[in-house]
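Visitor: Dropping the structure in here first, questions after.
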Amino acid sequence: QKHVLVVEDDVFLADIYKKKFEVEGFKVSISDDGKKGIEDAKKKKPDIILLDVLLPKLDGFAVLKVLKEDRETSQIPVILLTNLGQKDDVEKGIEAGAVDYLIKIHFKPSEVVEKVRKVLKI
């Protein structure tokens with residue numbers, strides 16, 4: 001069972017993703033701020049991380065930087081999931097090591113699951 005870590009401070013949205021991924025057979029953990037996201041990534045070693053950009057305590061770009069610089073977590077693929085759709089933000093995220101950048105309002109949860117399957121090749 002593949003494990004998805006969702007780092008998202010919007011409880012309602014996090015819950016929607018959690019339910020959708022569980023229905024699709026994934027194990028899901030939720031972190032509601034950037035610092036907790038890093039701790040959970042190290043502790044739980046998920047197969048993939050869905051990372052919001054606008055987060056309390058530490059924003060998604062800072063979280064991504066820490067994850068990519070840490071040997072323990074650098075190999076975990078990260079998909080940025082955000083409503084920040086400016087080209088600079090997208091480029092910044094990809095340059096920082098994200099495998100993909102999804103704008104929340106453009107992707108239904110089922111499409112997010114598909115993206116995750118593609119990245120994990122399942």
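Visitor: Which condition breaks for K18 when tested against (1) within 19 Å of I122 (Cα to Cα); (2) among the basic types (K, R); (3) modelled with pLDDT under 95?
Guide: In the conditions (1) within 19 Å of I122 (Cα to Cα); (2) among the basic types (K, R); (3) modelled with pLDDT under 95, K18 misses (3) alone.
Visitor: Would you please name the residue that is farthest from K35 (Cα to Cα), looking only at residues in the stretch 58-111 that are under 14 Å from the mean Cα position of the chain (by Cα) and basic (K, R)?
Guide: Result: K104.
Visitor: Follow-up question, since we're still on this one. Could you give every pair whose Cβ atoms fall below 7 Å, whose first residue belongs to the stretch 34-45 and is of a type in the set (V, I, T), and whose second residue is surrounded by 14 or more Cβ atoms within 10 Å (Cβ to Cβ) and in a helix (DSSP H, G or I), counting only separations of at least 6 or pairs across chains?
Guide: The qualifying pairs are I38/V63; I38/V66; I38/L67.
Visitor: Still on this model: Just to be sure before I move on: is V113 surrounded by 14 or more Cβ atoms within 10 Å (Cβ to Cβ), of a type in the set (A, V, I, L, M, F, W, C) and within 15 Å of L5 (Cβ to Cβ) in the structure I sent?
Guide: yes
Visitor: Give me the pairs, please: first residue somewhere in the stretch 9-27 and open to solvent by 70 Å² or more (accessible area, probe 1.4 Å), second residue anywhere and in a helix (DSSP H, G or I) and β-branched (V, I, T), beta-carbon distance under 9 Å, and either six or more positions apart or on two chains.
Guide: Pairs that qualify, where the first residue is open to solvent by 70 Å² or more (accessible area, probe 1.4 Å) and the partner is in a helix (DSSP H, G or I) and β-branched (V, I, T), are V23/V113.
Visitor: Name the single residue that is most open to solvent (accessible area, probe 1.4 Å) among those in the stretch 75-95 being within 16 Å of V119 (Cβ to Cβ) and assigned to a loop (DSSP other than H, G, I, E, B).
Guide: Per the criteria, the residue is Q75.
The values are calculated or read from the model by the stated rules, or taken from the named source; none is laboratory data. These numbers come from a predicted model, not from an experiment. Neighbour counts are summed over all protein chains in view; Cβ atoms, including those assigned to glycine, are modelled from backbone coordinates with ideal geometry. In case anyone asks, the SASA skips ligands and DNA or RNA and just uses the protein heavy atoms, side chains included. Shrake-Rupley method; radii C 1.70, N 1.55, O 1.52, S 1.80 Å.
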